[in-house]
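Visitor: Starting off with a structure, shown below.
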Amino acid sequence: MEEKFMRNALRLAQISYKRGEVPVGAVIVKDNRIIGYGFNRKEELKNPIAHAEILAIQMASKRLNSYHLEDCDIYVTLEPCLMCVGAILNARIKNLYFGAYNKRFGACCSHQKIEKLITNHKISYEGNILSKDCGRLLTSFFSNIRNKGK
């Protein structure tokens, strides 16, 4: 089941890739149905918080008419940053699934540890879901940027 929803998130990441954004996609699922989705749009919107996870949370909250997403899961192609982990915790999402690890900014287990955050909500998480596909997309994106700079 995790791979099915991660493939949806990957399709969204490809949209951001084509638009020149860091290719990250996210979907929020409730009762095996996608109720929110997003892809990075920071450059397009000139907005530092227009991350895939934030946009997906906004859509899901609007659809449910609540910021409480307690019975929902989020699937993200890249381990979320600290800002996005904070939003996921505040939305009270039940489970977080991510693809590639984010050594520089990952706030689940790579750079920060989600367990060390003092919150009233605990979340379970699992990484490494379709990580090769997620990682390839990111590697290709950053390689293209480096090559354009030469």
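Visitor: In the chain, with Lys and Arg counted as +1 and Asp and Glu as -1 at Cβ, which of these residues, Leu137, Leu55, Gly25, has the Cα nearest the positive end of the dipole, that is, farthest along it?
Guide: Leu137
Visitor: Evaluate the distance, in nm, between pseudo-label points positioned 7 Å from the Cα of Ile49 and of Phe105 along their respective Cα→Cβ axes.
Guide: Taking the two extended label points, one gets 1.5 nm.
Visitor: Another question, then. Step through the table entries Lys103/Lys132; Lys94/Lys132; Lys18/Lys42, compare each Cα-Cα distance with 19 Å, and write down the pairs that go over it.
Guide: From Lys103/Lys132; Lys94/Lys132; Lys18/Lys42, over 19 Å: Lys94/Lys132.
Visitor: For the range 126-150 and the range 12-72, what is the separation of their C-alpha centers, rounded to whole Å?
Guide: Cα centres, the range 126-150 to the range 12-72: 19 Å.
Visitor: Given only helices, namely DSSP H runs of n ≥ 4 each adding -39500 (n - 2.57), what is the per-residue ellipticity at 222 nm of the chain, to the nearest 500 deg cm²/dmol?
Guide: The helix-only estimate for the chain comes to -13000 deg cm²/dmol at 222 nm.
Visitor: What accessible area per residue comes out for the chain, rounded to a whole number of Å², with a 1.4 Å probe?
Guide: Spelled out: the 1.4 Å probe surface of the chain, per residue, equals 56 Å².
Visitor: Which aspartates and glutamates, on any chain, are close to Lys122 with Cα under 18 Å apart, when same-chain ones fewer than 8 places away are left out?
Guide: Answer for Lys122, where 18 Å is the Cα cut-off: Glu53, Glu70, Asp71, Asp73, Glu79, listed by chain and number.
Visitor: Quick check: at a probe of 1.4 Å, how many percent of the accessible area of the chain sits on carbon and sulfur atoms?
Guide: 50 percent
Visitor: Restricted to Cα positions, what overall size does the range 1-129 have along the principal axes? Three whole-Å values, descending.
Guide: Dimensions of the range 1-129 along the principal axes of its Cα atoms: 37, 32, 29 Å.
The values are calculated or read from the model by the stated rules, or taken from the named source; none is laboratory data. Remember, it's a predicted structure, so these values are computed and weren't measured experimentally. Positions of Cβ are backbone-derived with ideal geometry, glycine not excepted, and every protein chain shown enters the neighbour counts. The protein model used for the area step is the full one, side chains on, heavy atoms only, and it has no ligands, DNA or RNA in it. Shrake-Rupley method; radii C 1.70, N 1.55, O 1.52, S 1.80 Å.
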